[in-house]
1. In the range 178-227, which residue that is within 18 Å of the chain's Cα centre (by Cα) and among the β-branched types (Val, Ile, Thr) is farthest from Arg274 (Cα to Cα)?
2. Of all the residues that make up the range 137-175, how many are of a type in the set (Asp, Glu) and either assigned to a loop (DSSP other than H, G, I, E, B) or free of Cβ contacts under 8 Å to residues at least 40 places away in the same chain (or both)?
3. Return yes when Ala182 is within 30 Å of Ala214 (Cα to Cα) and surrounded by 19 or more Cβ atoms within 10 Å (Cβ to Cβ) and no when it is not.
4. From Ala280, Ala227, Ala249, grab the single residue that is modelled with pLDDT under 90, of a type in the set (A, V, I, L, M) and open to solvent by less than 50 Å² (accessible area, probe 1.4 Å).
5. Please find, among Ala31, Ala46, Ala50, the residue that is without any contact (Cβ under 8 Å) to a residue 12 or more places away in the chain, under 19 Å from Arg7 (Cα atoms) and open to solvent by less than 60 Å² (accessible area, probe 1.4 Å).
6. For the range 42-58, enumerate the residues that are over 16 Å from the mean Cα position of the chain (by Cα), of a type outside the set (Val, Ile, Thr) and over 14 Å from Gln10 (Cβ atoms).
7. Could you list all residues from the range 236-258 that are outside any helix (DSSP H, G or I) and touching a residue at least 12 places away in the same chain (Cβ under 8 Å)?
8. For the subset of the range 34-43 comprising residues that are in contact with a helix residue (DSSP H, G or I) (Cβ under 8 Å, 6 or more places away or on another chain) and open to solvent by 40 Å² or more (accessible area, probe 1.4 Å), which member is nearest to Asp80 (Cα to Cα)?
Amino acid sequence: MELRERRLAQIVRDFMEGYVLSQEVGRELRAGRLAFGTVARLVGDAEDSALYRLKEECHALFRLDDARPRTEVQAEELFDLAVGALFHETMKFREGFYLTDSYGPRLQRMMAEGSASGPLADAFWRVFEAGSRRMLESEAEAEELFRETRDQLLIVLRQLTASGAVARSLVENPARSEQVFAMPLTQLLADIYGTADRGYRLAIESLIENGHYAEAASVLELPEARAAADGALPFARGMASYYAGDNLAAVDSLARWRDDGTSSPALWRQSASRVLKALAGNVEVSDHKLSERALSLARELTSRPR
């Protein structure tokens, strides 16, 4: 299940990237300044395009599984189909845009100069105009399909109410999540996890469990997230400081966490004790008092469960 949740979290990230890019494509197209490079980042036939990655990930992950509830499988299957349709619709837009952006101006120049005329030029111009119309239609259809697919993704996510990996994918870039789902992040987390606090707590625990202490501290510094894991901020800061090479800040933060005592799981105490012992034994530590302080704190964390 853990691997499946991590893969789903990446699907969420790639969908959000594709959604934001599609909005950029629409704005730039209407403003008359769209570059093909932006379109290629959205859709193409290689890993450097968001929709290609999304399509491949969905096809690999969402397959019928008789061991899982049929309603859950149906939601995922529909999302998978919608992503496939999105990919092919935006590929049509890509081809139409390339035709109009690359060939159109050259044909117009040649016709103006008189170097392109006759039946071939007329036929080419009709192809160009038809391609331009299809491009605009494809962009509008893809924009609507993106919104409907986003709503289907929410249905899929509501069925994974305890996924810390997915929660991480939503809280790591709050502005992007709010742009894509068109609601405040706290409301989005409450929609999926029942309460915003639960969503933040799952994300923070997942970040800490996987050693992303600086990222966990950044989330915990948000006022709306701090209450979700009361007392965890000094722990995350202390661990992040150790791995950043700031020994004094590490000991100070972990000591504050020890004194606070509101959030002290055994696994966190073990991790903190391990880095404190490593810090104390570091030959580069020239401050004997800091080394003794680190060892004392390490012993206390391992001998006094809370």
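The values are calculated or read from the model by the stated rules, or taken from the named source; none is laboratory data. Being a predicted model, the structure only gives us computed values, none of them experimental. Reconstructed Cβ throughout: ideal geometry from the backbone, glycine too, with neighbour counts over all protein chains shown. We work out accessible area using only protein heavy atoms, side chains counted, and drop any ligands, DNA or RNA first. Shrake-Rupley method; radii C 1.70, N 1.55, O 1.52, S 1.80 Å.
1. Selected residue: Val180.
2. Count: 4.
3. No; evaluated as a whole, the condition is false for this residue.
4. Ala280
5. Ala46
6. Within the range 42-58, Gly44, Asp45, Ala46 qualify.
7. Residue satisfying the conditions is Ala244 alone.
8. Within the range 34-43, the match that is nearest to Asp80 (Cα to Cα) is Arg41.
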